[in-house]
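K.L.:
Sharing a structure, written as structure tokens. Questions coming.
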Amino acid sequence: MKDLDFICIGAGPSGLSLGALSSTVPGLKGKILERKSNFEWHGGMLIPDAKMQISYLKDLVTLVDATNPFSFVNYLSVNNRLYQFITANFGSVNREEYSDYLSWVLSSLDNVEQDTLVREVDYKNGWLEIETDKEKYRTNNLVLSTGLSPVIPEVFDDQLKVDKNSLFSSSEYMYKSHDFSGKTVSVIGSGQSGAEIFLDLINQKTNAPEKINWITESDNIFQLDDSPFVNEIFNPGFAEYFYNSSEEEKKQLLSTYNFANNGVSEQTLVEIYQSLYKERYIKKEAKTRSNLLIGHTLKKVYKDNKQYVLEMRTKEETKKITSDVVIFCTGYKYKTPSYLEKIKCLFNRDKDNFLINSDYSVNWKHQDECSVYIQNGAIHTHGLSDPNLSLSSRRSAIIINSIIGYDFYKDLNAHSFIF
Ligand SMILES: Cc1cc2nc3c(=O)[nH]c(=O)nc-3n(C[C@H](O)[C@H](O)[C@H](O)COP(=O)(O)OP(=O)(O)OC[C@H]3O[C@@H](n4cnc5c(N)ncnc54)[C@H](O)[C@@H]3O)c2cc1C
């Protein structure tokens, strides 16, 4: 059994940010355990040309330590393309390039164990024991960075035999066959993933679908609000303000700022609108090819012969359509990982959620001896920036300060015009 100052489970952006920022802390020894053997950032959604929704300066490290070697700018420099990057003048960085940046960080860190699945975490005699499919580790500081899971609504008929190639989540889109010729494809959900998949389908050049339905229960396709003052919710001040608000105020804030997190980027919306325009008025495709089914709540999915039947409810009526392929783009949610089975009963809860302290540690029975930190699972306590990349470097810095017991990273708050 190996003893370490910290163990981090998961090497997505959250785990890698912790790895990058801890690498410059003298004497701190930790490991990051990642189940995948080949890194890809949300590979199932690496649609060519899909863009980041945040500035590349909000990378894994820069906002808390602009001199850290694992910045996006240093990645460009090491890879000898700073001049070209500046000249190319992208409004937003391509997601494929960001994935490559993350992969570069991962391979440059010397403490990431890939191809290592964490199976179980247990508490024994003042230690947390972490069992993987290869080794056992012991630590007093565990950082959970295993991300969110895709949500698929429970609308299926009990008898439905799901064919995983024709009914799947957006998180698997790029792994599936894109031969849709002669088929009807239905995209459920009007967030960023649904929009990107709908756009990709309308513009597919070969083996394109015969018909595409974009189904959403909302009353329109709404834009992500990234206007300047609303964007201040992704500044440190808002995280503090949110944490110190009452439960009632927190609920209100989550609802008020919903469109700062859940909506479609302006660029994607414009591209979709232009594609629909070209399809209808320039290419003169059949009017029935692309259909926006707004205000349609999916109630039931079942199979009739080879097709899926989607039963939906609008304000006025119940409607049925058939589809060969159904893609759920219905969001992501924090789910308690199965490796916590043995200790989750020791975590203190507030209704459905774990109680989380301001330093992202879980409030639990043995917190005086061992700390368990959660990254990207604290929207209910730390607000809308938690599932977003904007403050992930700050969150890592707070966790590192808490692990080592002093402020290695200082001045983590910044001025805000609003909060
Ligand atoms: C398609 C997409 C695009 C996004 N784009 C943006 C954006 O532009 N800007 C923004 O701010 N946010 C964006 N987000 C939201 C968020 O920033 C990302 O989801 C981000 O990847 C979250 O990072 P994470 O490290 O917390 O989780 P993840 O990226 O999900 O990483 C978790 C890691 O843990 C590993 N893991 C899981 N279980 C185990 C286990 N038992 N043992 C070992 N390893 C395990 C997984 O393999 C994975 O590598 C996007 C989300 C999606 C889905």
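K.L.:
Output yes when any residue across segment 337-347 is within 14 Å of the ligand (Cβ to nearest atom), acidic (Asp, Glu) and either within 20 Å of LYS164 (Cβ to Cβ) or touching a residue at least 24 places away in the same chain (Cβ under 8 Å) (or both), and no when none is.
P.N.:
Yes, the conditions are met somewhere in segment 337-347.
K.L.:
Kindly evaluate SER37 against the criterion of being hydroxyl-bearing (Ser, Thr, Tyr), within 30 Å of CYS329 (Cβ to Cβ), exposed (fewer than 14 other Cβ atoms within 10 Å of the Cβ) and within 14 Å of the ligand (Cβ to nearest atom).
P.N.:
When the stated conditions are applied, SER37 passes them.
K.L.:
So, one more: Could you run through segment 348-360 and say how many residues are more than 14 Å from the ligand (Cβ to nearest atom) and aromatic (Phe, Trp, Tyr)? Before the answer, list the steps.
P.N.:
Taking segment 348-360 first, the residues more than 14 Å from the ligand (Cβ to nearest atom) are 348-359.
This time we only want the ones that are aromatic (Phe, Trp, Tyr), so: 354.
Residues meeting the conditions: 1.
K.L.:
To continue, here is another question. Could you pull out the residue among THR146, THR116, THR139 that is in contact with a Ser or Thr (Cβ under 6 Å, 6 or more places away or on another chain) and not hydrophobic (A, V, I, L, M, F, W, C)?
P.N.:
The match here is THR116.
K.L.:
Just give me the residues in segment 97-114 being within 17 Å of GLY30 (Cα to Cα) and within 11 Å of the ligand (Cβ to nearest atom), in sequence order.
P.N.:
Correct list: LEU106, VAL112, GLU113, GLN114.
K.L.:
Next up: Give the residue that is nearest to GLU129 (Cα to Cα), with candidates limited to residues of segment 307-336 that are within 16 Å of the ligand (Cβ to nearest atom) and touching a Ser or Thr at 6+ places or on another chain (Cβ under 7 Å).
P.N.:
Pass one, segment 307-336, residues within 16 Å of the ligand (Cβ to nearest atom): 327-336.
From what's left, touching a Ser or Thr at 6+ places or on another chain (Cβ under 7 Å): 327-329, 332-333, 335.
Working: ILE327: 39, PHE328: 37, CYS329: 36, TYR332: 29, LYS333: 26, LYS335: 21 Å.
Among residues in segment 307-336 that are within 16 Å of the ligand (Cβ to nearest atom) and touching a Ser or Thr at 6+ places or on another chain (Cβ under 7 Å), the one nearest to GLU129 (Cα to Cα) is LYS335.
K.L.:
Another question, then. So which of GLU311, GLU249, GLU271 ends up being at pLDDT 95 or above, in contact with a strand residue (DSSP E or B) (Cβ under 6 Å, 6 or more places away or on another chain) and among the acidic types (Asp, Glu)?
P.N.:
Going through GLU311, GLU249, GLU271 in turn, the sole match is GLU311.
K.L.:
Inside segment 112-127, can you point out the residues that are touching a residue at least 40 places away in the same chain (Cβ under 8 Å) and either assigned to a strand (DSSP E or B) or surrounded by 17 or more Cβ atoms within 10 Å (Cβ to Cβ) (or both)?
P.N.:
VAL112, GLU113, THR116, VAL118, ARG119, GLU120, VAL121, ASP122, TYR123, TRP127
K.L.:
Checking SER385 against (1) away from the ligand (no atom under 16 Å from the Cβ); (2) closer than 14 Å to TYR243 by Cα, which test does it fail?
P.N.:
(1)
K.L.:
Can you pull out every residue in segment 361-382 that is assigned to a loop (DSSP other than H, G, I, E, B), away from the ligand (no atom under 12 Å from the Cβ) and in contact (Cβ under 8 Å) with a residue 12 or more places away in the chain?
P.N.:
Of segment 361-382, the ones assigned to a loop (DSSP other than H, G, I, E, B) are 363, 365-370, 375-378.
Cutting the leftovers down to away from the ligand (no atom under 12 Å from the Cβ) gives us 363, 365-370.
The answer is ASN363, LYS365, HIS366, GLU369, CYS370.
K.L.:
Would you say GLU154 is assigned by TED's automatic domain parsing to the domain that holds VAL309, under 25 Å from the mean Cα position of the chain (by Cα) and more than 17 Å from SER37 (Cα to Cα)?
P.N.:
Here the answer is yes, as GLU154 does meet what is asked.
K.L.:
On the given criteria, is PHE6 away from the ligand (no atom under 13 Å from the Cβ), under 30 Å from GLU135 (Cα atoms) and touching a helix residue (DSSP H, G or I) at 6+ places or on another chain (Cβ under 8 Å)?
P.N.:
yes
K.L.:
Kindly indicate whether any position in segment 66-84 is within 15 Å of the ligand (Cβ to nearest atom), of a type in the set (Val, Ile, Thr), under 24 Å from the mean Cα position of the chain (by Cα) and in the same structural domain as GLU113 (by TED's automatic domain parsing).
P.N.:
No, segment 66-84 contains no residue that is within 15 Å of the ligand (Cβ to nearest atom), of a type in the set (Val, Ile, Thr), under 24 Å from the mean Cα position of the chain (by Cα) and in the same structural domain as GLU113 (by TED's automatic domain parsing).
The values are calculated or read from the model by the stated rules, or taken from the named source; none is laboratory data. Predicted model only: the values in this text are computed from it and were never measured. Here Cβ is always computed from backbone atoms with ideal geometry, including for glycine, and neighbour counts include all displayed protein chains.
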